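The values are calculated or read from the model by the stated rules, or taken from the named source; none is laboratory data. Since the model is a prediction, treat every value here as computed from it, not as a measurement. FYI the Cβ positions are ideal-geometry reconstructions off the backbone, even for glycines, and counts take in every protein chain you see. Surface areas here come from the heavy atoms of the whole protein model, side chains and all, with no ligands, DNA or RNA. Shrake-Rupley method; radii C 1.70, N 1.55, O 1.52, S 1.80 Å.
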Amino acid sequence: MNNLSKNISYFVSWSGGKDSCLSLFRAIKKHGNPKCLLNMLTEDGFRSRSHGLTKTVLEKQAHLLGIPINFYAATWNDYETTFLNALHELKKTGIEMGVFGDIKIPDNPDWANHRQWADEICNKANISTFEPLWEDKIECILQELLDEGFIAKIISIKADRLSPDYLGRTLDKDLIIELTEQGIDPAGEQGEYHTIVIDGPLFANPLRLEENGRVLRDGYWFLDVY
């Protein structure tokens, strides 16, 4: 459910990657600036659960976007409870809507569970949801990302699907073709890869990252950056 008010107070579920960034971009066009970003960290509060990015890197990214970011740490077991508690906190500050970067995958009906989860948990906090990418084709989403000038780098890859040599590569037309020819979802929507957006029309300046090698963790290769 999407409230159409231009001045609605909303948050953006934030991974630091391309899908959440393009969702933010579209949401700003439609509803103005968000009140905050929301990111879920591992239970030690050091890295993001979704992309393995350090809290410090995400803080730098949010600073360049000019948007406050709220962090919440959770295990996988208490993730939903912690997320719901976060929504109740945000609701008390006047938040009325949450923006999510889910994409519909036609040949994967289970993917609808991501959208359903967002709708259901926000509903429990009496917050509406906005999924700006949901109905678009992956090819159109990627084209818009590139056309608008966003620069996204691969920050993690699924170890059994891609070589760690892909870490650090910039997502461009040639790379999208290369991934597609290998049978990889070009947007990584089956979990093949994740990105971090380092520049684009929403950024005051590019995000400068230093690389600290590659790390294999839980079946994924990560580019450790700071």
Considering residues of segment 15-26 that are assigned to a loop (DSSP other than H, G, I, E, B) and either open to solvent by less than 10 Å² (accessible area, probe 1.4 Å) or without any contact (Cβ under 8 Å) to a residue 24 or more places away in the chain (or both) only, the residue farthest from Gln190 (Cα to Cα): Gly16
Strands (runs of 3 or more DSSP E) wholly inside segment 119-206 containing at least 2 residues that are farther than 30 Å from Gly94 by Cα: 151-158, 193-199
Subset of segment 216-226 (residues that are open to solvent by less than 50 Å² (accessible area, probe 1.4 Å) and not acidic (Asp, Glu)): Gly219, Phe222, Leu223, Val225
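Results for (1) loosely packed, with under 14 Cβ neighbours inside 10 Å; (2) touching a residue at least 60 places away in the same chain (Cβ under 8 Å), shown as yes or no for each residue.
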| site | (1), (2) |
| --- | --- |
| Met40 | no, no |
| Arg49 | no, no |
| Lys55 | no, no |
| Ile95 | no, yes |
| Lys104 | no, no |
| Asn113 | yes, no |
| Lys124 | yes, no |
Hey, Asp199 free of Cβ contacts under 8 Å to residues at least 12 places away in the same chain and more than 23 Å from Val215 (Cα to Cα) or not: no
Residues within segment 167-188 that are within 21 Å of the chain's Cα centre (by Cα) and either closer than 19 Å to Gly219 by Cα or open to solvent by less than 60 Å² (accessible area, probe 1.4 Å) (or both), tallied: 12
Pairs where the first residue, in segment 147-166, is over 12 Å from Val215 (Cα atoms) and open to solvent by 30 Å² or more (accessible area, probe 1.4 Å) and the second is β-branched (Val, Ile, Thr) and not in a strand (DSSP E or B), C-beta under 7 Å, 6+ apart: Arg161/Ile184
Qualifying residue in segment 64-72 (condition: under 16 Å from the mean Cα position of the chain (by Cα) and open to solvent by 70 Å² or more (accessible area, probe 1.4 Å)): yes
Test: residue in segment 201-211 that is touching a strand residue (DSSP E or B) at 6+ places or on another chain (Cβ under 6 Å), open to solvent by less than 20 Å² (accessible area, probe 1.4 Å) and at negative phi: yes
Candidates Lys29, Lys6, filtered to the one that is assigned to a loop (DSSP other than H, G, I, E, B) and open to solvent by 50 Å² or more (accessible area, probe 1.4 Å): Lys6
Lys104 being modelled with pLDDT of 95 or more and of a type in the set (D, E, K, R): no
